[in-house]
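Scroll down for the structure; my scribbles are underneath it.
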Amino acid sequence: MAATLKLSKVYSSFVEGISATLSEIEVSVTPGIPTFDIIGLCDASIKESYGRIRSALITSGFSMPRGHITVGISPAYIKKSGTSFDLAIACGILFASGQLSQPDCKVYLEGELSLTGKVKATPACAVRLCSISEDKPDIVIIPSGSVKSAECAGIRAMTVETLSDLREIFLYGVYEPVDYRKEEFLQAPASEIDLSELKGQQKAKRALIIAAAGNHTVLLLGSPGCGKTMAGKIISGIMPPLERDEASDIFSVNELLECGDKSGLITRPYRYIDQNITVTGLIGNSRKLTPGELALANHGVLFADEITEFQRPVLDMLRLPLENRSVTIYSDGRRYRFPANYVFVAAGNPCKCGYAFEGGSKCRCTKNARKKYLSRLSGPFLDRMDLICEMTSIDKTAKRSILEDEKTEKESPQAAKAVSLARQMQKERYKSFGKDTYNSNVICANYADIMRLPAKAIDHLESLSDKGLVSARGYLGIIRVARTIADLEGRDDISEEDVDEAVMFRRMESCL
């Protein structure tokens, strides 16, 4: 006589890198000697769930069915880890054994079970819930400790405290989901260093504002102590408030790595790297699939200090992410893409002594020595810098203003307002190109039409570019920067003056 097969199906998800994959969990119960098998390329943390599930079922007033229990978790070809499958597996067992009634719809559950049946939240919940927001299961059940993650994902779900709460839902039909969608997140205050504190560096201030407005890359080369590092910190204070999608992405990554603000405040990332950074620290760990500094800076600022002292492999590794605005990691024959869309600010000295831009005999380096030192930054790397700004030592008046308590008007609020308006113009212009599209990374078929570049401005740009070696990437970079300058001024079309200013930020003759 054929054995009676009892089968159930529920859904959960698991994390790969900083994204998640929906998983189908099938549970079968057949008569025979009691066994418990979990299949689907699962690690020890999942296979050890038997002890937690068995104890939780018994203490919650359920029973562990006798017989062969087989749990299949798909996709079976992808490695899985974590304890978030506990609640889904336990529910699948209760469905298959007839202790709860399985509804004729898609049921999603996640959460770790304690031995007493309590349902606990697990790391990376926000990443998983964001992944199911598009699939929209009919029933979504999450731990009560995952409310903030649900708000981040903006989903409808019902929370449970213990495993026994499933009786109310699947035995008595009491499913009362809450619409967890938070439009605004608590944001941490911006940088306390005001733009006005960058004394005597008007060109650098302008470069920072343009970079923040269009998400551009900027290279600051200048003398020691002229304010390069301060400039890298100041730019955080002129970035606009986070939009909901940006705040959601940042919260998800912070929760995944458990590195967020315990008070619940969210702020744009500011990541600092120096010459000691390794390739792994930069792009991430391919074995553990953890993001590196490039991905952690998404929607924020990545500041590379002493860029001319960086190791060559690290500089080479920076090139593609700066252009593609993403990081790609290969692991176990699979490709993982981490978004890395941020304002990149690099600072360094133009020569060994650092005084190449100063007049007189301050610089002790020969012309060949300066060229050799700056050649550490390869041509392809420099070509990816939208803005290159030279900084020199400040004059006596600016130095004295540092010591005196002048009641100077703060500049960051006004700059932040201009940056925010410029970004809104870009959002409207590129609304059909997808989110996180700025002047710096938009790709289209006709740049002249999309970016409103008149024929006069094109002719002017060509006449200027013919005088120097400008690559195709550099040519497009000038147009992108000019478009941002026009946005800051609130103009629809790019003017010849915008082109002139953009070209000015591409010149480096004085350091050669």
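Numerical summary
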{"quantity": "Alpha-carbon centroids, region 39-93 and region 325-388: separation in whole Å", "calculated": "51 Å"}
{"quantity": "Note, ³J(HN,Hα) from phi for region 323-339, Karplus 6.51, -1.76, 1.60, rounded to Hz, x at Gly and Pro", "calculated": "8, 8, 6, 7, 10, 10, 10, 10, 8, 6, x, 10, 10, 10, 10, 10, x"}
{"quantity": "Extreme residue, positive dipole direction of the chain, given options Ser84, Ser60, Ala369 (C-beta unit charges)", "calculated": "Ala369"}
{"quantity": "All-pairs Cα distance distribution in the chain, expressed in whole percent, bin size 20 Å", "calculated": "21, 43, 25, 11, 1, 0"}
{"quantity": "Placed amide H near Ala356: partners under 5 Å, 5+ positions off or other chain", "calculated": "Cys351"}
{"quantity": "Qualifying lysines (Cα of each under 23 Å from Cα of Lys372; at least 8 residues distant if same chain)", "calculated": "Lys228, Lys352, Lys362"}
{"quantity": "Cβ-Cβ FRET estimate between Gln187 and Glu323, R0 fixed at 30 Å, reported to 0.05", "calculated": "0.50"}
{"quantity": "Peptides 446-454, 70-78, 218-226 ordered by average Cβ neighbours within 10 Å, highest first", "calculated": "218-226, 70-78, 446-454"}
{"quantity": "Within region 186-393, percent of DSSP bridges classed antiparallel, to nearest 5", "calculated": "30 percent"}
{"quantity": "Interchain or long-range residues, amide H under 5 Å from Ser23's placed H", "calculated": "Ser12, Ser13, Phe14"}
{"quantity": "DSSP-defined antiparallel bridges as percent of all bridges, region 6-179, nearest 5", "calculated": "65 percent"}
{"quantity": "Cα long-axis angle, helix 412-429 against the chain (0 to 90 degrees, to the nearest 10)", "calculated": "70 degrees"}
{"quantity": "Linear extension gain, Arg334 paired with Glu428, 0.36 nm per residue minus alpha-carbon span", "calculated": "30.3 nm"}
{"quantity": "Considering only the chain, percent of DSSP beta bridges that pair antiparallel, nearest 5", "calculated": "50 percent"}
{"quantity": "With Cα atoms, 0 to 90° folded angle of helix 472-488 axis to the chain main axis", "calculated": "90 degrees"}
{"quantity": "Partner aspartates and glutamates for Lys371 [C-alpha distance under 13 Å; skip if fewer than 8 residues away on the same chain]", "calculated": "Glu509"}
{"quantity": "Loop-located trypsin sites (Lys or Arg not before Pro) in region 249-343, at most 10 other Cβ atoms within 10 Å (DSSP)", "calculated": "Lys262, Arg287, Lys288"}
{"quantity": "For region 186-393, radius of gyration divided by Kirkwood radius, i.e. Rg to Rh on alpha-carbons", "calculated": "0.99"}
{"quantity": "Acute angle (nearest 10 degrees) that the helix 244-257 long axis makes with the longest principal axis of the chain, alpha-carbon atoms", "calculated": "70 degrees"}
{"quantity": "For Thr290, distant residues with modelled amide H under 5 Å away", "calculated": "Asn285"}
{"quantity": "Too-long pairs where the Cα-Cα distance tops 19 Å, listed order kept, from Lys203/Lys427; Lys148/Lys182; Lys205/Lys417", "calculated": "Lys203/Lys427"}
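A short reminder: the numbers here are calculations on the coordinates, not readings from a lab. Just so we're clear, the structure is a prediction, and the values are computed from it rather than from any experiment. Methodologically, a virtual Cβ is constructed for each residue, glycine included, from the backbone with ideal geometry; neighbour enumeration extends over all protein chains shown.
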